[in-house]
Amino acid sequence: MKLNITAFTLTAGLFWGAAVFIVSLANLAAPGYGRDFLDLAASVYPGYQPGTGAGSVIVATLYALVDGAIAGAVFAWLYNLLARAFPTSAQ
């Protein structure tokens, strides 16, 4: 089975972007929610400060969209490479 790299890239980017967006919004509504997760994101995404407003949510979401897309592309490419190197005999 071969993964479609473009589809996987978009899926991973949207999934990770949505996750960070939802947790960031929830943190604005209920300070303290997901704080450890958002502090981790802040340590990776320059310019992002959790809990500082809507601008911060947008910055984190944009970083997460790009980060997730890159990770998804690398994952799909590596999977396809290894699937070719180690084919299954049950086809």
Quick check: anything in the range 82-90 assigned to a loop (DSSP other than H, G, I, E, B), of a type in the set (Phe, Trp, Tyr) and without any contact (Cβ under 8 Å) to a residue 12 or more places away in the chain? yes
Would you please name the residue that is nearest to residue 65 (Cα to Cα), looking only at residues in the range 1-50 that are assigned to a loop (DSSP other than H, G, I, E, B) and of a type in the set (A, V, I, L, M)? 3
Of the residues that make up the range 51-69, is at least one at pLDDT below 95, open to solvent by less than 90 Å² (accessible area, probe 1.4 Å) and not in a helix (DSSP H, G or I)? yes
Among the residues that make up the range 7-15, is at least one of them hydrophobic (A, V, I, L, M, F, W, C), over 16 Å from the mean Cα position of the chain (by Cα) and open to solvent by less than 100 Å² (accessible area, probe 1.4 Å)? no
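Can you tell me which residues in the range 71-86 are touching a helix residue (DSSP H, G or I) at 6+ places or on another chain (Cβ under 8 Å) and open to solvent by 70 Å² or more (accessible area, probe 1.4 Å)?
At the first step, the residues of the range 71-86 found to be touching a helix residue (DSSP H, G or I) at 6+ places or on another chain (Cβ under 8 Å) are 71-73, 75-77, 80.
Within the range 71-86, 75, 77 qualify.
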Tell me yes or no: at least one residue of the range 27-40 is out of contact with any helix residue (DSSP H, G or I) (no Cβ under 9 Å at 6 or more places or on another chain) and either under 30 Å from residue 87 (Cα atoms) or among the charged types (D, E, K, R) (or both). yes
Please verify whether residue 48 is out of contact with any Pro (no Cβ under 7 Å at 6 or more places or on another chain), of a type outside the set (Lys, Arg), at pLDDT below 95 and surrounded by 14 or more Cβ atoms within 10 Å (Cβ to Cβ), treating the condition exactly as stated. yes
Tally, over the range 70-91, of residues that are β-branched (Val, Ile, Thr) and at pLDDT 95 or above: 2
Kindly evaluate residue 23 against the criterion of being out of contact with any Ser or Thr (no Cβ under 7 Å at 6 or more places or on another chain), surrounded by 13 or more Cβ atoms within 10 Å (Cβ to Cβ) and under 27 Å from residue 8 (Cα atoms). yes
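The values are calculated or read from the model by the stated rules, or taken from the named source; none is laboratory data. Quantities reported herein were computed from a predicted structural model and do not represent experimental measurements. Don't worry about glycine lacking a Cβ; one is built from the backbone with ideal geometry, like all the others, and counts go over all protein chains shown. These area figures cover heavy atoms from the full protein model, side chains too; ligands, DNA and RNA do not enter into them. Shrake-Rupley method; radii C 1.70, N 1.55, O 1.52, S 1.80 Å.
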